[in-house]
1. Among the residues of the range 22-51, which ones are among the acidic types (Asp, Glu), open to solvent by 20 Å² or more (accessible area, probe 1.4 Å) and within 20 Å of residue 92 (Cα to Cα)?
2. Can you pull out the residues in the range 63-82 that are open to solvent by less than 20 Å² (accessible area, probe 1.4 Å), part of a helix (DSSP H, G or I) and either under 16 Å from residue 123 (Cβ atoms) or away from ligand 2 (no atom under 12 Å from the Cβ) (or both)?
3. So which residues in the range 169-206 are in contact (Cβ under 8 Å) with a residue 60 or more places away in the chain, within 19 Å of the chain's Cα centre (by Cα) and open to solvent by 30 Å² or more (accessible area, probe 1.4 Å), if there are any at all?
4. Pick from the range 83-99 the residues that are touching a Lys or Arg at 6+ places or on another chain (Cβ under 9 Å) and open to solvent by 10 Å² or more (accessible area, probe 1.4 Å): which of them is nearest to ligand 2 (Cβ to nearest atom)?
5. Which condition does residue 124 not pass, out of (1) open to solvent by less than 10 Å² (accessible area, probe 1.4 Å); (2) more than 14 Å from ligand 2 (Cβ to nearest atom); (3) under 30 Å from residue 193 (Cα atoms); (4) under 18 Å from the mean Cα position of the chain (by Cα), if it passes all the others?
6. Report whether or not residue 106 is free of Cβ contacts under 8 Å to residues at least 60 places away in the same chain, open to solvent by 30 Å² or more (accessible area, probe 1.4 Å) and within 30 Å of residue 37 (Cα to Cα).
7. May I ask you to say which residue of 50, 4, 21, 11 is charged (D, E, K, R), closer than 30 Å to residue 219 by Cα and part of a helix (DSSP H, G or I)?
8. Need the failing condition index for residue 153 against (1) within 16 Å of ligand 1 (Cβ to nearest atom); (2) of a type in the set (A, V, I, L, M); (3) surrounded by 22 or more Cβ atoms within 10 Å (Cβ to Cβ), just the number.
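The values are calculated or read from the model by the stated rules, or taken from the named source; none is laboratory data. These numbers were taken from a predicted model, which means no experiment stands behind them. All Cβ positions, even for glycine, are placed from backbone atoms using ideal geometry, and neighbour counts span all protein chains on display. Ligands, DNA and RNA are stripped out before the accessible areas are found, and what is left, the full protein with its side chains, is counted by its heavy atoms. Shrake-Rupley method; radii C 1.70, N 1.55, O 1.52, S 1.80 Å.
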Amino acid sequence: MSAELENRFFELYQEFFNRAEAERRWNVQKDIPWDKANPKVQDEIALIVESFMAVELYLPDYTSKILELVRKSRGRAWFQANWGYEESKHSLVLEQWLLASGKRSKKELDVFIDQVLAHEWTLPFQTPRQMMIYTTFQELSTGLNYRNLRRRAIEQGDAALAAGLSLVARDESAHYQFFQDGVKLYLKEDRDGTLEDIRLVLEQFRMPAHDLIPDWEHRGEVIVGQKIFSDRIFFKDIMRPILTVLGTNRQELKELSKSSPDLATALES
Ligand SMILES: [Fe+2]
Ligand SMILES: [Fe+2]
């Protein structure tokens, strides 16, 4: 990576960090009205909260493996350390809500967390640039998952879950913004190579850790059934808007994706 690009990443991190310190710090215990957790929320909502908590539980793998990959880039490594702190609060919020609402007991959660952590997440892509592209799509997706879930929490009268998800979703948006700006830097430096990586990531894109989490097939169906997330939502609300923001388009990627009929069809639709 060029020194110029490295400097820009570090500037990007400083902007991200300064803004986070000034505007976005929040407290798991004090900023969420835990006494307003609603025990009558649908069980399906609790299952989704538990599922998202499971995804967040792979934090030790996400941080250690990504840090190892980017350790020579101060901007990216320092970002990753801060990202880990913020992500750690997300699983705490979801876990705390499962307890506060009475949807899960401490014992049930202990057993579940052990099952989840028995597996290990591995990097889906091998280069820092591919991982940055991957996390761009993944963070925007995660933010949208939480915003859609928050809508259900409001409908079902749970002010604790709604408040928690609003704080978490705001973090996810900030993460997305950092990664998206990073991909723009990569595009500026090497447009063709970066576009090729975007194509590769989109061809293989899957949300993290789903294959590691017990009963994901059922969990995934509930998530789609509650209209929290789906392939269609991904193509329409994640993939296309990001391609536009990055200054590329479906046509340009389609040229690159002739070898991948699935992606070509998705880009077409
Ligand atoms: Fe998160
Ligand atoms: Fe995030």
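1. Start the filter on the range 22-51 by keeping residues that are among the acidic types (Asp, Glu), which leaves 23, 31, 35, 43-44, 50.
Still in the list and also open to solvent by 20 Å² or more (accessible area, probe 1.4 Å): 23, 31, 35, 43-44.
Result: 31, 35, 43, 44.
2. Going residue by residue through the range 63-82, those that are open to solvent by less than 20 Å² (accessible area, probe 1.4 Å) are 66, 70, 73, 75-77, 79-80, 82.
Then drop every residue that is not part of a helix (DSSP H, G or I), which leaves 66, 70, 75-77, 79-80, 82.
Answer for the range 63-82, where residues must be open to solvent by less than 20 Å² (accessible area, probe 1.4 Å), part of a helix (DSSP H, G or I) and either under 16 Å from residue 123 (Cβ atoms) or away from ligand 2 (no atom under 12 Å from the Cβ) (or both): 66, 70, 75, 76, 77, 80.
3. Once the filter is applied, which keeps residues that are in contact (Cβ under 8 Å) with a residue 60 or more places away in the chain, within 19 Å of the chain's Cα centre (by Cα) and open to solvent by 30 Å² or more (accessible area, probe 1.4 Å), the range 169-206 yields 170, 177, 181, 184, 200, 203, 204, 205, 206.
4. Looking at residues that are touching a Lys or Arg at 6+ places or on another chain (Cβ under 9 Å) and open to solvent by 10 Å² or more (accessible area, probe 1.4 Å), I get 95.
5. (1) is the only condition that residue 124 fails.
6. Working: free of Cβ contacts under 8 Å to residues at least 60 places away in the same chain: yes; open to solvent by 30 Å² or more (accessible area, probe 1.4 Å): yes; within 30 Å of residue 37 (Cα to Cα): yes.
Yes.
7. Working: 4 fails: closer than 30 Å to residue 219 by Cα; 21 fails: closer than 30 Å to residue 219 by Cα; 11 fails: closer than 30 Å to residue 219 by Cα.
On inspection, the qualifying residue turns out to be 50.
8. So the condition that residue 153 fails would be (1).
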